[in-house]
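This report refers to the structure that appears directly beneath it.
Each value in this text was obtained by applying a stated rule to the coordinates, not by laboratory testing. Computed from a predicted structure; not experimentally measured. Here the Cβ positions follow ideal geometry from the backbone for every residue, glycine too, while neighbour counts run over all protein chains shown.
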Amino acid sequence: MRLLTTFTILALIVISAFSGCKSQPPAPPAKAVKPQGQASPAVQPEVTQAQAVETAQAEGYVYQPRDRRDPFVPLLATTKKSQKRAAGKVSTLESYDISEFALKAVAQKGEKYFALLATPDNRSFTVHKGTAIGFNKGRVEEISKNKVVIVEYSKDYKGDIHPKQITLELSKER
C-alpha cells in the first residue's frame, strides 16, 4: 500500500512537470498611439513573432535610438586643451576657481592697470588685461581702480557657448 501511494505521488509530480513545459512565444507588445502633430517614424519591415523572439534570445537587448541621442556619448566633448589640463600643463592661475581669488590691490602705471590677486593658500599673483585665469580659461577683461572684471566662456549641454562675467571687488577692510 505504501509503495502504491509513493508511486502515485511520483507519477503526479512528473505529469505536472511535463504539462507545464509547453513553450509559447510571448504576446506581441501593444502598439503605442502617436500624438498628433508629430512626424511618423521611418517604416520598419514587419518581423514575425518567431523571428523577434529568436533575435532577442540571440542578441539580448537591442537599443533603438529613433529620435533620441546616444546615451553613451558624453555631453561635453573633451578637447586637446582639456587633455593638456588633465596632463598637468596648466598655469597656476588656471588651477584655481575664479571665486577662490581675492582682490588685494590695484596699481596703475600710466594708462595701464595691474591687479594683485590672492589665492586661498595666501599666494599672490599680478594680473593685467588679457591674463588667463580660472578653470574655464577666463580672461581679465577690465581692471579699474576698485574692481577686476573677468569673462569666462562655457559650453552648455547643447554645445552653445555662453559668456559669464565675474567681478572681483577691492575689499574695504585694510
Rounded to the nearest 0.05, what FRET efficiency do residue 160 and residue 99 give with R0 = 35 Å and r taken as the Cβ-Cβ distance? Could you check? 0.95
Taking a threshold of 29 Å on the Cα-Cα distance, which of the pairs 109/155; 129/155; 112/155 fall above it? 109/155; 112/155
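Assuming R0 = 25 Å, what is the FRET efficiency of residue 107 and residue 135, from their Cβ-Cβ distance, to the nearest 0.05? Intermediate values should be presented prior to the final figure.
Values: r = 26 Å, r/R0 = 1.05.
Once the sixth-power term is evaluated, E becomes 0.45.
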Once both labels are modelled 7 Å past Cα along the beta-carbon direction, what's the residue 118-residue 149 spacing in nm? 2.6 nm
Near the amide H of residue 138, under 5 Å away, which other amide H atoms are found, from residues 5 or more places off or on another chain, if H is placed in the peptide plane? 133
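What is the calculated FRET efficiency for residue 92 to residue 61, with r their C-beta to C-beta distance and R₀ = 35 Å, to the nearest 0.05?
For R0 = 35 Å, the calculated efficiency reads 0.10.
Dipole magnitude of segment 98-169 about its Cα centre, charges +1 at Lys/Arg Cβ and -1 at Asp/Glu Cβ only, in debye to the nearest 20? It would help to have the intermediate numbers written out before the result.
Working: 12 positive and 9 negative charges, 41 e Å.
The dipole magnitude comes to about 200 debye.
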